[in-house]
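Structure, as structure tokens:
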Amino acid sequence: MQSKIKYIAIALFVIDAILIVVNTKYRDPVASAIPDLSNAKIFYFLAILGLMMYGGLWLIVCFKKINLKEVLKLIHLGIITALTISVFFNLRLAKTNYDRITCNNGIAAYYEYFERDCGSKIEKRFEADVKNKEIKYFQDEYNPNWEFEKRLRDQHGIELISSSCTMFTSMHCYNDLVIEYIKKKDSLR
């Protein structure tokens, strides 16, 4: 391989291997099939086959003095293409995993407060969050209010929990408490 192409292939190969290991470790334990991970592994395997073909043809070229440069260039292109596609699927999956993990970490401390209706548990949690200055706002993917959420984050320092998280009734109750708190805080100014 030409040196630039060789270094690109090696970098893609290593990055892809790392992403496959990380994405396999942090994959969604509930999902039975993860198409992006399967696709990434398939293209990674195809790249490995291409590397093996390249190695075999390179040996033939060296010992037999046969000019197979065009075939080797096609194999280079196939290896780079397979690794690039595999990295693409891995990056998509990494983003999905990151969103899921962030979501779970954001609401994990609140699971014990989630009830079927708004109760005193969620109000006590909200009071504790106000005292500790750890107020959160659970974004609603169906009724987003981008300006209000931006103001919560920027002006009031309230952490926004992703709209991709599951919405429990108590989350809406907690959000109502946040809205009341902000209204009171803004009226005192």
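The values are calculated or read from the model by the stated rules, or taken from the named source; none is laboratory data. Given the structure is predicted, the values throughout are model-derived calculations rather than measurements. Positions of Cβ are generated from backbone atoms using ideal geometry, with glycine treated the same way; all protein chains shown enter the neighbour counts. Side chains are part of the model used for accessible areas, which takes the heavy atoms of the whole protein and leaves out ligands, DNA and RNA. Shrake-Rupley method; radii C 1.70, N 1.55, O 1.52, S 1.80 Å.
Some notes on this structure:
- LEU46 open to solvent by less than 80 Å² (accessible area, probe 1.4 Å) and either outside any helix (DSSP H, G or I) or at pLDDT 85 or above (or both): no
- Selection within the stretch 1-43 - touching a residue at least 12 places away in the same chain (Cβ under 8 Å), small (Gly, Ala, Ser) and either in contact with a Leu (Cβ under 8 Å, 6 or more places away or on another chain) or not in a helix (DSSP H, G or I) (or both): ALA9, ALA40
- Annotation note: of PHE114, PHE148, the sole residue that is open to solvent by less than 50 Å² (accessible area, probe 1.4 Å) and at pLDDT 75 or above is PHE148.
- Selection count where residues are within 21 Å of ASN97 (Cβ to Cβ), in contact with a helix residue (DSSP H, G or I) (Cβ under 6 Å, 6 or more places away or on another chain) and modelled with pLDDT under 75, scope the stretch 161-179: 3
- Filter result for LYS4 (surrounded by fewer than 12 Cβ atoms within 10 Å (Cβ to Cβ) and more than 24 Å from the chain's Cα centre (by Cα)): yes
- Only residues that are at pLDDT below 85 and of a type in the set (Val, Ile, Thr) were counted across the stretch 9-43, and they come to 2.
- Annotation note: of ILE135, ILE158, ILE182, the sole residue that is over 29 Å from THR96 (Cα atoms), modelled with pLDDT of 80 or more and open to solvent by less than 30 Å² (accessible area, probe 1.4 Å) is ILE182.
- Verdict on CYS103 being in a loop (DSSP other than H, G, I, E, B), at pLDDT below 80, surrounded by 11 or more Cβ atoms within 10 Å (Cβ to Cβ) and not small (Gly, Ala, Ser): no
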